[in-house]
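Rule-based calculations on the coordinates, nothing more; no lab input. Computed from a prediction, not measured in an experiment: that's the story for all the values here. Every residue, glycine among them, receives a Cβ derived from its backbone with ideal geometry; neighbour counts consider all protein chains shown.
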Amino acid sequence: MPTVKIPPVLRSYTADQTEVSVDGETVGAVLEALSVAHPEIREQLFSPEGDLNRYVNVYLNDEDVRVLGGLDTAAGGEDTVVILPAMAGGSASS
Amino acid sequence: MSTGTLPIEEIQAKIEEISVDQAQDELAQGDVVLVDVREPHEYEEAHLADSVLVPQGEVLARASEISEDKDARLVVYCKSGARSARAVHALQEELGYTNAANVTGGIDAWQEDGKPIIFAEGMTPEQRMRYSRHTLLPEVGVGGQLKLLNSKVLLLGAGGLGSPTALYLAAAGVGTIGIVDDDVVDESNLQRQVIHTTDRVGVPKTESAKKAIADLNPDVEVVEHRTRLDASNIMEIIGGYDVIVDGADNFPTRYLLNDASVRLDKPVVSASILAFDGQISTFVPHDGPCYRCLYPTPPPLELAPSCGAAGVLGVMAGVMGLLQANEVIKLVTGIGEPLIGRLLLYESLGTRFTELKVRRDPECVICGPDAEEIPESEMGSFPDYELFCGGTGS
């Protein structure tokens with residue numbers, strides 16, 4: 001079963017789990033299964049048309065799925081799907 | 001038979017040993033080939049006048065560079081006399097040199113005796129002492145240290161990430177450190193912004209950082225930019241620096257910096273932290289992807305909380321800030337493999353590092369092929385950054 005790594009900003013939708021294992025034979029199916037298990041995460045990942053939002057990067061292991069086969073990229077038991085939104089926290093205060 | 005395995009005392013008994021005084025006399029009379037058999041980085045730091053550098057391990061292969069004449073007078077030294085003893089022995093036993101002598105005690109004894117030495121140019125005696133742990137590293141050496149001393153690095157922010165980055169870059173001898181920050185030190189900063197102190201609460205951060213750096217290393221010139229970066233000032237501010245360190249707390253600044261740095265061809269080391277997580281990459285324009293290749297559009301407000309709103313483990317700033325300093329040092333000295341085309345994620349609760357590949361986006365509006373068509377008149381004017389997420393950290 002592939003493992004999905006949940007970034008900090010989305011953990012409130014997964015009951016603070018940092019990793020969630022869900023079934024699916026493609027990256028899209030894995031994210032769909034994640035969205036079924038944690039419904040609030042769906043609109044963060046997908047546009048109303050069902051495309052991956054452009055501000056969310058999704059990696060299969062260490063490679064961006066956009067340079068693989070997109071959401072149709074095959075995913076299997078040992079694979080890790082990383083969801084990665086941009087982060088800006090850093091140097092300033094307050 | 002290999003001479004490298006004999007005990008040093010046995011070797012010394014078979015060769016001619018001369019004192020530093022004898023060596024000096026012979027050199028004064030001339031007709032002597034003086035050979036330094038240490039490593040290049042040691043030679044670079046300090047050596048005797050008119051010496052030939054041939055590291056001990058290469059002496060047999062490069063003997064002809066020392067002297068074609070096997071009866072020539074050779075005076076051989078190293079740091080303390082051991083490596084040079086082996087070199088003399090090898091020249092004598094394996095190649096038949098007849099008149100080679102070892103300087104007992106090496107350059108250390110020579111220097112202790114107050115005899116003249118040629119030191120690397122550009123470093124004072126204090127600097128040679130201060131940076132000796134750098135110059136001892138063959139990868140850095142005196143040459144690398146001089147590059148650091150001549151480098152100019154700009155830090156966006158003297159906050160969580162900027163504090164440790166600034167302290168270590170200052171300690172490393174980065175010659176000029178610019179700091180862009182318009183904030184003042186607040187008590188809630190001190191949990192992670194280690195360049196500031198309790199008694200400097202209320203003081204501008206650039207001024208507080210300048211004080212800390214001056215106390216740590218007087219070699220470093222600190223340039224205070226007590227402002228926020230915007231489209232009107234960014235080209236002028238970043239134009240004077242070699243490397244930019246991005247620890248900005250908001251997306252408009254990150255995109256603005258990316259676009260300006262690509263146009264000015266400045267490398268950017270970019271990190272961010274939130275809660276227990278951090279990410280870092282190094283963007284070198286046109287050598288690798290830019291920030292926009294990685295993140296073409298910023299996330300909506302609810303996905304862009306600041307540390308102020310969401311909290312951050314103070315140590316995260318240290319870990320990621322020092323990874324940034326490490327990248328800067330590699331870029332300046334030209335050693336190692338910077339994080340170009342790689343995004344490194346760190347999860348502190350699990351103590352896990354994950355590395356992801358970042359590729360250039362052939363259609364990137366900033367560093368893609370069409371970007372070069374941007375006319376000169378538009379340099380420094382950037383798209384609608386302020387419309388991105390009002391979700392700045394402040």
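Quote the charge dipole size of the stretch B:210-312 about the Cα centre in Debye, to the nearest 20; the model charges only the Cβ of Lys and Arg (+1) and of Asp and Glu (-1).
Working: 8 positive and 14 negative charges, 39 e Å.
Dipole size: approximately 180 debye.
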Test item: B:239-250 mean partner chain Cβ contacts at 10 Å: 2
Lys/Arg +1, Asp/Glu -1 at C-beta; chain B dipole; positive extreme among B:V52, B:C293, B:I329: B:C293
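In debye to the nearest 20, how big a dipole does the stretch B:2-72 give about its Cα centre with +1 on each Lys and Arg Cβ and -1 on each Asp and Glu Cβ?
The calculated dipole for the stretch B:2-72 is roughly 260 debye.
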Listed residue (B:A231, B:G350, B:G159) projecting farthest to the positive dipole end of chain B, Cβ model: B:G350
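Please compute one quarter of the surface area of the Cα convex hull for the stretch B:239-278 and express it in square nanometres.
On the way: hull surface 11.5 nm².
For the stretch B:239-278, the mean projected area of the Cα convex hull comes to 2.9 nm².
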Calculated P(r) of the stretch B:222-302 - Cα pairs past 18 Å, %: 41
Compactness index (Cα Rg / 2.2 N^0.38 Å), the stretch B:162-317: 1.04
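Find the relative contact order for chain B and round it to a whole percent, using C-alpha pairs within less than 8 Å whose residues are 6+ positions apart.
13
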Whole-number D in µm² s⁻¹ for chain A, Kirkwood Cα-pair radius fed into Stokes-Einstein, 37 °C, 0.692 mPa s: 244
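Can you give the extra length, in nm with one decimal, that the chain gains between B:Q111 and B:D265 once fully stretched, where that is 0.36 nm per residue apart less the Cα-Cα distance?
Values: separation 154, 0.36 × 154 = 55.44 nm, distance 4.53 nm.
In short, 50.9 nm is gained.
Residues of A:56-65, mean number of Cβ from any other protein chain within 10 Å of their own Cβ, rounded to a whole number? Provide the component values of the computation, followed by the final result.
Numbers: counts 4, 6, 0, 6, 0, 3, 7, 3, 7, 0.
Mean shielding by partner chains, rounded to a whole number: 4.
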Radius of gyration and Dmax over the Cα atoms of chain B, both given in Å: 27.2, 82
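In deg cm²/dmol and to the nearest 500, what is the mean residue ellipticity at 222 nm of the protein assembly as shown if only DSSP H runs of at least 4 residues count, each as -39500 (n - 2.57), divided by the residue total? Provide the component values of the computation, followed by the final result.
Values: 18 runs with 152 residues, N = 488.
After summing the helix terms and dividing by the residues of the protein assembly as shown, the value is -8500 deg cm²/dmol.
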Cα-centre dipole for the stretch B:1-155 with unit charges at Cβ (Lys and Arg positive, Asp and Glu negative), debye to 20: 760
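What list do you get for B:F251, A:F46 if you sort them by fewest beta carbons within 10 Å? Intermediate values should be presented prior to the final figure.
Values: B:F251 26, A:F46 18.
Ranking B:F251, A:F46 by Cβ neighbours within 10 Å, fewest first, gives A:F46, B:F251.
For the protein assembly as shown, what does the convex hull of the Cα positions come to per residue, in cubic angstrom? Mind dumping the intermediate values first?
On the way: hull volume 97.2 nm³, N = 488.
Given the Cα convex hull of the protein assembly as shown, per-residue volume reads 199 Å³.
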Principal-axis tilt of helix A:27-37 within chain A, Cα atoms, nearest 10 degrees: 70
Between the stretch B:129-153 and the stretch B:183-250, the alpha-carbon center distance in angstrom: 24
Of B:K152/B:K266; B:K147/B:K205; B:K115/B:K147, pairs whose Cα-Cα distance is over 21 Å: B:K147/B:K205; B:K115/B:K147
Separation between Cα centres of the stretch B:101-124 and the stretch A:1-80, rounded to whole Å: 64
Amide H contacts of B:A231 (H built 1.01 Å from N, under 5 Å, at least 5 apart or other chain): none
Relative frequency of Cα-Cα separations exceeding 17 Å in the stretch B:94-178, percent: 63
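When only Cα pairs under 8 Å and 6 or more residues apart are kept, what is the percent relative contact order across chain A? Walk me through the numbers before you get to the answer.
Details: 142 pairs, mean separation 34.3, N = 94.
Once normalised by length, the contact order is 36 percent.
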For the stretch B:97-187: relative contact order, % (alpha-carbon pairs under 8 angstrom, 6 or more apart): 23
